[in-house]
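These notes concern the structure reproduced below.
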Amino acid sequence: MRFVHLIVVAALVCAAAYVYKSKFEVTLQAEQVAKQRAEIRRERDAVAALRAQWAQLDNPDRILGLSQRHLQLKPIQPTQFDQIDRLPERPANAPFNADPIGALNENVEPDFPTGSIRAPARPAAR
């Protein structure tokens, strides 16, 4: 009977050690979660502060004041605009290309496929 009592006591000690170990791990993880939450809270506060600072820097009235103080800009006068029919004619020797992007594509090698052109099918080896 004493042998059974010793086994039961040993099982209880092992169970207590396992419960203590589990409790310790859970406590450690709870502390890590609390630290992560505090870090997230600090990061959110930092983001909010940066957004407030950006809103202050991006204020149109502030930018207008800075541009007036540091740039020598003058308001646009209505006399600066003209009618299209009053524009000077294009010089006769000026190069004219109706499709400047198409002219760039003319220099592309035909064997160099792009995303919109499928590569030519190669004949099957026999």
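Each reported figure results from applying straightforward, stated rules to the coordinates on display, with no laboratory input. From a predicted model like this one, the values you see are computed outputs, not experimental measurements. With ideal geometry, Cβ positions are generated from the backbone for all residues, glycine too; neighbour counts draw on all protein chains shown.
A few remarks follow.
- With a cut-off of 14 Å between beta carbons, the residues surrounding ALA34 carry a summed charge of +2, where Lys and Arg count +1 and Asp and Glu -1.
- Working from label points 7 Å from Cα in the Cα-to-Cβ sense, the CYS14 to ASN93 distance is 10.2 nm.
- Paired Rg and Dmax values of the stretch 2-57, which use every Cα atom, in angstrom: 24.1, 82
- Subtracting the Cα-Cα distance of ILE7 and LEU28 from their residue separation scaled by 0.36 nm leaves 4.4 nm.
- Spherically averaged projected area in nm², based on the convex hull that wraps the Cα atoms of the stretch 54-93: 5.9 nm²
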